[in-house]
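Everything below concerns the one structure shown next.
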Amino acid sequence: MSEPVVDKLVVVGLLVSATVLEASGDAIVRMGLYQHSLSLRVLLFLAGTALLFGYGLSLNLAPLAFGRVVGLYIALLFVVWQIINFVAFRSLPTLPILVGGALILAGGGIVTFWQRS
């Protein structure tokens, strides 16, 4: 495998990791907000904090300027959020979310792959 391909795989891997960590951390913090048990609430907040820190770290480890990967990141984030939302909250996306998501994916592709001068 050539070096540029490996570099692209590293960037995509870091972006996927960041999106999974961000969406999972957000979901866990949301779960913590609605817990009546203080100890469980604190535990969920601490877990969410660790995941959100991991998101920030993995996103900033990507060896490209953020402006170059933001489109791909936002598109991936939308998809991962929908998966996490279904897994954690058993909520399927509605038609407006699917239509808006298609626009997010299209926009992410334009931002990421449109040739820059």
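Values quoted throughout were computed directly from the atomic coordinates according to the rules given, and no laboratory measurement underlies them. Quantities reported herein were computed from a predicted structural model and do not represent experimental measurements. Backbone-built Cβ (ideal geometry, glycine too); neighbour counts: all protein chains shown.
Between Phe113 and Leu40, the distance separating the two model label sites (each 7 Å from Cα on the Cα→Cβ line) works out to 4.5 nm.
Per-residue Karplus couplings for the stretch 78-92, computed as 6.51 cos²θ - 1.76 cosθ + 1.60 with θ equal to phi - 60°, are listed in order as 4, 5, 5, 4, 5, 5, 4, 4, 6, 5, 7, 10, 6, 10, 7 Hz, Gly and Pro entered as x. Computed over the Cα atoms of the stretch 48-88, the ratio of the radius of gyration to the Kirkwood radius (Rg/Rh) comes to 1.02.
With contributions of -39500 (n - 2.57) from each DSSP H run of at least four residues, the per-residue ellipticity at 222 nm computed over the chain stands at -29500 deg cm²/dmol. Scalar couplings 3J(HN,Hα) for the stretch 102-109, obtained by applying the Karplus form with A = 6.51, B = -1.76, C = 1.60 to θ = phi - 60°, are 4, 5, 4, 5, 5, x, x, x Hz; x denotes Gly and Pro. Here the Kirkwood formula puts the hydrodynamic radius of the chain at 15.6 Å, using every distinct Cα pair.
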